[in-house]
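The values are calculated or read from the model by the stated rules, or taken from the named source; none is laboratory data. Since this is a predicted model, take the numbers as computed values, not measurements. Heads up, the Cβs are rebuilt from the backbone with ideal geometry, glycines too, and the neighbour counts pull from every protein chain shown.
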């Protein structure tokens, strides 16, 4: 065994035993690469996730909702900023992250590749997409890379407001007119598929390289089960219908459901979703328009 | 320029590291720190520090095994027992 191999083995045993790594510590190249790719995609998703919500600032039904939505957007962009800083300290500059995002080289989360059709979508996204996200993010509090785990504390704390804002929005609509109730049901019908895709293919945790390096502390299916266990009852008690006739909870507490279309997930995250191109085009435009601000503010960007 | 942020949640508590951000100067750093770390009153005070001014120290070798500076350098159990026995104050 070469000394690098031995060092890698020791590193692996350290992180698998719950050890945490800091920026300046030695780490295997593969670990660093996987961290950068994963954390960068998280940062990208925070940034791209505000675009569907941005569309609704001017169309929010009340001033209070407009302010709450704007505050959520500010939070998400702040998360992007924090998360890109973690990537930067691992060796990839923020400008490179932004370049790779708009060129389509790096990815962002599946749920942000879909269009929004009504205010019902805004409620369902803030409630259920953020609920799915907080399950993944809470598991990252135990990430073997400590700077990322620390940032996740602030992220999770702020996401908890978003879930309440979303649930409150949904509750206002389901207790409103039949038309408002129907807007929520239609939004749930649209978002159920992407929500079931959200935690990824049910790759066994033992075979998941992200779990292997303890970047993630739970497997994909475990996260999805947690989402179903927590939120299906909350959806059903409002009189809403979940568009999956096969969805049920077994006596063993395990949820079964119609197998999601994993080809669709793959197509969507590689930039072939219904809104992928439009969102990236907007991000490109925004980047070009504010380029002068970066140059004026950050001498190193000039 | 990168600034590191240390935040205090309540008066009397220690400052803990919160994260970092880019800012061109102290004026912007002040504004960003307020926006990022105190807009929901989650901090009562912030320390905002240019990263390059932080001195980081990480290696603490203990070649001489200076255990007498730590609590694990003292094992009083046996001696205390003996002292109590001699004094006749040992618990029954």
Only one of these is crowded, with 18+ Cβ neighbours inside 10 Å, in contact with a strand residue (DSSP E or B) (Cβ under 9 Å, 6 or more places away or on another chain) and free of Cβ contacts under 8 Å to residues at least 60 places away in the same chain: A:247, A:228, A:298. Name it. A:228
Number of the exception - residue A:36 against (1) touching a residue at least 60 places away in the same chain (Cβ under 8 Å); (2) more than 13 Å from every other protein chain (Cβ to nearest Cβ); (3) in a helix (DSSP H, G or I); (4) farther than 25 Å from residue A:228 by Cβ: (1)
Considering only residues that are surrounded by fewer than 14 Cβ atoms within 10 Å (Cβ to Cβ), farther than 30 Å from residue A:223 by Cα and touching a helix residue (DSSP H, G or I) at 6+ places or on another chain (Cβ under 8 Å), which ones fall in the stretch A:254-283? none
How many of the residues in the stretch A:92-104 are more than 18 Å from the chain's Cα centre (by Cα), more than 14 Å from chain B (Cβ to nearest Cβ), loosely packed, with under 15 Cβ neighbours inside 10 Å and not in a helix (DSSP H, G or I)? 1
Count, please, the residues in the stretch B:42-92 that happen to be more than 14 Å from every other protein chain (Cβ to nearest Cβ), surrounded by 11 or more Cβ atoms within 10 Å (Cβ to Cβ) and either assigned to a loop (DSSP other than H, G, I, E, B) or in contact (Cβ under 8 Å) with a residue 60 or more places away in the chain (or both). 2
With (1) within 23 Å of residue A:189 (Cβ to Cβ); (2) free of Cβ contacts under 8 Å to residues at least 12 places away in the same chain as the list, and residue A:119 as the residue in question, which single condition is left unmet? (2)
Just name the residue that is surrounded by the most Cβ atoms within 10 Å (Cβ to Cβ) out of those in the stretch B:2-38 that are within 25 Å of the chain's Cα centre (by Cα) and assigned to a loop (DSSP other than H, G, I, E, B). B:38
Given the condition loosely packed, with under 13 Cβ neighbours inside 10 Å and over 24 Å from residue B:3 (Cα atoms), answer yes or no: does some residue in the stretch A:14-22 qualify? yes
Residue by residue through the stretch A:128-155, note down the ones that are within 14 Å of chain B (Cβ to nearest Cβ) and either out of contact with any helix residue (DSSP H, G or I) (no Cβ under 8 Å at 6 or more places or on another chain) or closer than 27 Å to residue A:240 by Cα (or both). A:146, A:150
Residue under question is residue A:83, and the condition is that it be modelled with pLDDT of 95 or more and surrounded by fewer than 20 Cβ atoms within 10 Å (Cβ to Cβ); does it hold? no
From the set of residues in the stretch B:6-20 that are more than 10 Å from chain A (Cβ to nearest Cβ) and in contact with a strand residue (DSSP E or B) (Cβ under 9 Å, 6 or more places away or on another chain), which is farthest from residue A:93 (Cα to Cα)? B:11
Would you mind telling me which numbered condition in (1) touching a residue at least 40 places away in the same chain (Cβ under 8 Å); (2) more than 26 Å from residue A:106 (Cα to Cα) residue A:67 fails? (1)
Scan the stretch A:46-80 for residues that are buried (at least 17 other Cβ atoms within 10 Å of the Cβ) and more than 17 Å from residue A:119 (Cβ to Cβ) and jot them down. A:46, A:47, A:48, A:49, A:75, A:76, A:78, A:79, A:80
Tell me, please, whether a residue that is part of a helix (DSSP H, G or I) and at pLDDT below 95 can be found in the stretch A:192-205. yes
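Condition check ((1) over 17 Å from the mean Cα position of the chain (by Cα); (2) touching a residue at least 12 places away in the same chain (Cβ under 8 Å); (3) part of a helix (DSSP H, G or I)) across all residues:
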{"residue": "A:214", "(1), (2), (3)": "yes, yes, no"}
{"residue": "A:223", "(1), (2), (3)": "no, yes, yes"}
{"residue": "A:233", "(1), (2), (3)": "yes, no, yes"}
{"residue": "A:243", "(1), (2), (3)": "yes, yes, no"}
{"residue": "A:258", "(1), (2), (3)": "yes, yes, no"}
{"residue": "A:266", "(1), (2), (3)": "no, no, yes"}
{"residue": "A:269", "(1), (2), (3)": "no, yes, yes"}
{"residue": "A:285", "(1), (2), (3)": "yes, no, yes"}
{"residue": "A:288", "(1), (2), (3)": "yes, no, yes"}
Considering A:179, A:186, which residue is in contact (Cβ under 8 Å) with a residue 12 or more places away in the chain and over 17 Å from the mean Cα position of the chain (by Cα)? A:186
Could you tell me which numbered condition residue A:178 fails, if it satisfies all but one of (1) more than 30 Å from residue B:38 (Cα to Cα); (2) touching a helix residue (DSSP H, G or I) at 6+ places or on another chain (Cβ under 9 Å)? (2)
Determine, yes or no, whether residue A:125 is surrounded by 22 or more Cβ atoms within 10 Å (Cβ to Cβ), within 13 Å of chain B (Cβ to nearest Cβ) and modelled with pLDDT of 95 or more. no
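Listed here are the residues, each with its yes/no results for (1) modelled with pLDDT under 95; (2) closer than 30 Å to residue A:295 by Cα.
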| site | (1), (2) |
| --- | --- |
| B:28 | yes, yes |
| B:42 | yes, no |
| B:45 | no, no |
| B:77 | yes, no |
